[in-house]
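Heads up, the thing below is written out as structure tokens.
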Amino acid sequence: MTAELLEAAHAYNEAPKRLREAIIKAAQQGETATDITKMINFTYSMDYVAKIVREALGPRPRGRRKTTPDSSGSPASE
């Protein structure tokens, strides 16, 4: 039982670090804070996810948002 408790405690202590690393990796691949927040089922708020990303990667460059083409094939205007 002691080994099981130690293993559970270790996993609990490592979980925030692993989630933070996964958030940063997703942001590096172009996901937005909103997308990441939805993917992690709102475990952290969108504002906190954005803060993690800003601290790790710096401010988001302007014009980085993903655009989806409209029916004519040109990028959608924002």
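The values are calculated or read from the model by the stated rules, or taken from the named source; none is laboratory data. No experiment lies behind these values; they were computed from the predicted model shown. We place every Cβ from the backbone using ideal geometry, glycine too, and count neighbours over all the protein chains shown. Ligands, DNA and RNA are stripped out before the accessible areas are found, and what is left, the full protein with its side chains, is counted by its heavy atoms. Shrake-Rupley method; radii C 1.70, N 1.55, O 1.52, S 1.80 Å.
If you go through segment 11-52 one residue at a time, how many are under 26 Å from Gly63 (Cα atoms) and in a helix (DSSP H, G or I)? Explain how you work it out, then say what you get.
Step one: list which residues in segment 11-52 are under 26 Å from Gly63 (Cα atoms), which gives 20-40, 42, 44-52.
Then keep just the ones that are in a helix (DSSP H, G or I); that gives 20-28, 33-39, 46-52.
Residues that pass the stated criteria total 23.
Name the residues in segment 1-30 that are of a type outside the set (Gly, Ala, Ser) and under 19 Å from the mean Cα position of the chain (by Cα), would you? Walk me through it before giving the result.
Filtering segment 1-30 for residues of a type outside the set (Gly, Ala, Ser) gives 1-2, 4-7, 10, 12-14, 16-21, 23-25, 28-29.
Correct list: Glu14, Pro16, Lys17, Arg18, Leu19, Arg20, Glu21, Ile23, Ile24, Lys25, Gln28, Gln29.
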Could you please give the count of residues in segment 31-46 that are open to solvent by less than 60 Å² (accessible area, probe 1.4 Å) and more than 9 Å from the chain's Cα centre (by Cα)? 1
Residues within segment 1-30 that are surrounded by 10 or more Cβ atoms within 10 Å (Cβ to Cβ) and either closer than 25 Å to Ile52 by Cα or in contact with a Ser or Thr (Cβ under 9 Å, 6 or more places away or on another chain) (or both), tallied: 18
Which numbered condition Val53 misses (of (1) modelled with pLDDT of 95 or more; (2) touching a Pro at 6+ places or on another chain (Cβ under 8 Å)): (2)
List every residue pair whose Cβ atoms lie under 8 Å apart, where the two residues are 6 or more positions apart in sequence or sit on different chains, the first residue falls within segment 55-72 and is assigned to a loop (DSSP other than H, G, I, E, B), and the second residue, located anywhere, is open to solvent by 80 Å² or more (accessible area, probe 1.4 Å) and modelled with pLDDT of 70 or more. Arg60/Arg54
